[in-house]
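Encoded as structure tokens, the structure appears first; notes follow it.
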Amino acid sequence: MRKPESSSPSHKANSTADLEDEAEGLMAELKVWDEACNFTPYHPRTQYGNIAHRHAMTIKLLRDVFSVPAEDERVYDSARAILELAVEMVVQYGTMVW
């Protein structure tokens, strides 16, 4: 009996390559989103949340899709940015909802 295509090694390799290609596209979109944040009319609280969310998505893609270690500078920089944004939010607004 023949195994279904979804479990064949070549299909898994293609699935992984497709996933990585899709993730590369998402990383490029995150960079565009980062540039667009400078020109959005949103309240600063919303902008801070959007930026923090972008950093969180970057970490998720780097760690889960590209298997980048937690010690990688890109992961560290995004984590640090989230924490800095959170501190700024608390200082400016007294609370943080994200």
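The values are calculated or read from the model by the stated rules, or taken from the named source; none is laboratory data. What you see is a predicted model; the values in this text were computed from it and never measured. Don't worry about glycine lacking a Cβ; one is built from the backbone with ideal geometry, like all the others, and counts go over all protein chains shown.
Quick notes on this structure:
- Within region 85-98, the set of residues being surrounded by 14 or more Cβ atoms within 10 Å (Cβ to Cβ) and assigned to a helix (DSSP H, G or I) comprises Leu85, Ala86, Met89.
- The residues on offer are Arg63, Arg54, Arg74, Arg45, and the sole one that is in a helix (DSSP H, G or I), modelled with pLDDT of 80 or more, in contact with an Asp or Glu (Cβ under 7 Å, 6 or more places away or on another chain) and surrounded by 12 or more Cβ atoms within 10 Å (Cβ to Cβ) is Arg54.
- Residue pairs whose Cβ atoms lie under 8 Å apart, sitting 6 or more positions apart in sequence or on different chains, and linking a residue in region 65-94 that is under 17 Å from Asn50 (Cα atoms) to a partner that is in a loop (DSSP other than H, G, I, E, B), are Ala86/Met96; Met89/Thr95; Met89/Met96; Val90/Met96.
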